[in-house]
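Bear in mind that the values in this text are calculations on the coordinates, not laboratory data. If you're wondering where the values come from, they're calculated on a predicted model, not measured in any experiment. No Cβ is skipped: glycine too gets one built from the backbone with ideal geometry, and neighbour counts run over all protein chains shown.
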Amino acid sequence: MPYANIEVTKDGHIAWLHFNRPDKANALNYDHLAEIEDAALSFRDDAETRVVVFTGNGKHFSSGADLTDAGEAYKVPLVQRRRRMRMGERTIEAILEMDQITIAAWNGAAMGGGACITTACDFRVGADDCFMQYPEVDIGLNLMWKSLPLIVTLAGPAKAKRLVVGGERIHATELERWGILDRLCPLSELHSEAQDMANHYAAKPPIAAQMIKQSTNQITNALNHAIMHMDVDQNMWGSTTEDRALAVKSYLDKSKATFTGN
């Protein structure tokens, strides 16, 4: 299908999926996520592609959820809104379940949902300008998309709390030190470095490589669905609190808020 928000190219056994909303820092609205999900699922019957590289056109990998799209979700009945809000987790699950080896070629920001996509990939190659941040807590919300276990697995519980509870912005060298980045390179070499990694894995026997990947994911993610099955509902409930309204106001005003727990 033709895509409006992403570009997919293939060369031999390697495919590249480019997020293509550079004027929005590749922010993820519903349609953008739906296209990423569709593209990820399209590889199910593609026996030739062995590696898929995810990257962002422009300066950033992805700045996360497109807040300008949020108002549309509230114009539909609650039952439909709940389903609409699950598009992010559907996208993450589609990436996690891909048979192909997946690599994030990470330029600039990976924030919120963008960070979730990087952690759903098998490997991460980061440019020296890359950074990660989960800003959800600062607007009074939990992390959705069944992605909390992914960053806990990569970084460990204390560092994951610094990111998700503390909302810290972590930059390239520290991301490598924490084990979140598998490779770090100058921005000018990001494409070639990701291509080199893709070539390495594309040369492996595909059946063995894909079975090992899937088994590893099953071991790592075995309890994720049981633990995170209601993170959308928690997010919807959190969005109704007084602290949420205060958090959004202070975030936009760049003012200091005093939260009450209501």
Integer Hz, Karplus 6.51/-1.76/1.60 couplings in order for the range 41-58, x for Gly and Pro: 5, 5, 7, 4, 9, 9, 7, 7, 7, 10, 9, 10, 9, 9, 8, x, 6, x
- request: Cross-chain or 8 or more residues apart, Cα under 23 Å: how many lysine pairs in the chain fit that? Count them up, please.
  value: 14
task: Work out, step by step, the length gained on full extension between residue 220 and residue 182: first 0.36 nm times the residue separation, then minus their alpha carbon distance; give nm to one decimal.
output: 11.9 nm
field: Point-to-point label distance, residue 48-residue 138, nm (Cα→Cβ direction, 7 Å offset)
entry: 4.5
task: Please turn the phi angles of the range 182-196 into ³J(HN,Hα) values with the Karplus equation 6.51 cos²θ - 1.76 cosθ + 1.60 (θ = phi - 60°), one per residue in order, whole Hz, x for glycine and proline.
output: 8, 9, 10, 8, x, 3, 5, 10, 4, 4, 5, 5, 5, 5, 4
query: Which whole-angstrom value gives the distance between the alpha carbon centres of the range 125-174 and the range 38-98?
result: 18
statement: The percentage of Cα-Cα pairs in the range 1-65 separated by more than 19 Å is 28
message: Out of all Cα-Cα pairs in the range 156-262, roughly what percent, to the nearest whole number, are more than 20 Å apart?
response: 67
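Rank-order 40-49, 56-65 by packing density, defined as the average count of other C-beta atoms within 10 Å over each peptide's residues, highest first.
Result, highest mean Cβ count within 10 Å first: 56-65, 40-49.
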message: I'd like to compare 196-205, 221-230, 85-94: which one has the highest average count of other Cβ atoms within 10 Å, and what's the full order after that?
response: 85-94, 196-205, 221-230
- line: Residue-normalised 222 nm signal for the chain, counting each DSSP H run of n ≥ 4 as -39,500 (n - 2.57), nearest 500 deg cm²/dmol, is -12500 deg cm²/dmol
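Report the calculated FRET efficiency for residue 80 and residue 171 (r = Cβ-Cβ distance, R0 = 35 Å), to the nearest 0.05.
On the way: r = 39 Å, r/R0 = 1.12.
The calculated FRET efficiency here is 0.35.
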- request: On each of the three principal axes of the Cα atoms of the range 21-126, give max minus min coordinate, whole Å, ordered largest first.
  value: 41, 31, 18
query: Which value in nm describes the separation of the simple spin-label points at residue 212 and residue 229, placed 7 Å from the Cα toward the beta carbon?
result: 3.3
task: Add +1 for every Lys or Arg and -1 for every Asp or Glu among the other residues with Cβ under 14 Å from the Cβ of residue 95, and state the total.
output: -3
- prompt: Convex hull volume of the Cα atoms in the chain, per residue, in Å³?
  reply: 134
- prompt: If we count every other residue with Cβ under 13 angstrom of residue 49's Cβ, Lys/Arg +1 and Asp/Glu -1, where does the sum land?
  reply: -2
